[in-house]
């Protein structure tokens, strides 16, 4: 059975052994750099950095293809919207559509940004155990005075981790719902708009049912949103500080362009 997108892939690589707080901080910083970078040279550096991280992780390439594939139509829509609706030097004329050079550049730039965000997110989730992500988020949010807002760091970290965990399950449920409707004789290629209710209604019902079952399971196991101890306490190692230093140098270099 094929693993769902954004799922954890066990391993012993350098990236797998890093502290989850290091990887969370790296993803946030790389996301900021991705949207701050305007030049194609800077975007190329980020892609090169991603390839280097992939080699360090030892993860298969299909992990990242599965992360980008569900968003292909959205990325194509962004590219075409920028290409045809950005004013500038007209490249050609197709009836009322007048693609411009500036639109082509903006389309490639925005598409590359979204692809980079998906790739970096997939790299983190594939190399980090979900429980480690929860623990890392909880440690990073612990100094904040969240109790004034009626929550604590552990509750917020648990909610974020459940959102990450439900994402691959959501894609898996979409495929299973689509296969179930196809077995009942529905043809999705004839009129995709008529098939939308046949997918969304059972999908929403299934997601709500999964959320109810999860909440009941947590209550039956005595889950409490208060601060809990951990079997494995997080401890920053020298490799984590070196990784953050390298990322800081990359950030300083990228901000110059």
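Things to note:
- Verdict on residue 168 being modelled with pLDDT under 80 and loosely packed, with under 10 Cβ neighbours inside 10 Å: no
- Condition check for residue 72: surrounded by fewer than 14 Cβ atoms within 10 Å (Cβ to Cβ) and within 16 Å of the chain's Cα centre (by Cα): yes
- Residue match in the range 92-99 (condition: at pLDDT 75 or above and in contact with a helix residue (DSSP H, G or I) (Cβ under 8 Å, 6 or more places away or on another chain)): yes
- Scope the range 146-159; condition in a helix (DSSP H, G or I) and more than 26 Å from residue 12 (Cβ to Cβ); matching residues: 146, 147, 148, 149, 153, 154, 155, 156, 158, 159
- Within the range 152-176, tally of residues that are more than 18 Å from the chain's Cα centre (by Cα) and in contact (Cβ under 8 Å) with a residue 40 or more places away in the chain: 4
- Single residue of 191, 220 found to be at pLDDT 80 or above and exposed (fewer than 10 other Cβ atoms within 10 Å of the Cβ): 220
- Test: residue in the range 126-145 that is modelled with pLDDT of 85 or more and part of a helix (DSSP H, G or I): yes
- So residue 66, is it surrounded by 12 or more Cβ atoms within 10 Å (Cβ to Cβ) and out of contact with any strand residue (DSSP E or B) (no Cβ under 6 Å at 6 or more places or on another chain): yes
- Some residue of the range 113-120 being assigned to a helix (DSSP H, G or I), over 18 Å from residue 7 (Cα atoms), in contact (Cβ under 8 Å) with a residue 60 or more places away in the chain and under 21 Å from the mean Cα position of the chain (by Cα): yes
The values are calculated or read from the model by the stated rules, or taken from the named source; none is laboratory data. All figures in this text were calculated on a predicted structure; none of them were measured in a lab. Here Cβ is always computed from backbone atoms with ideal geometry, including for glycine, and neighbour counts include all displayed protein chains.
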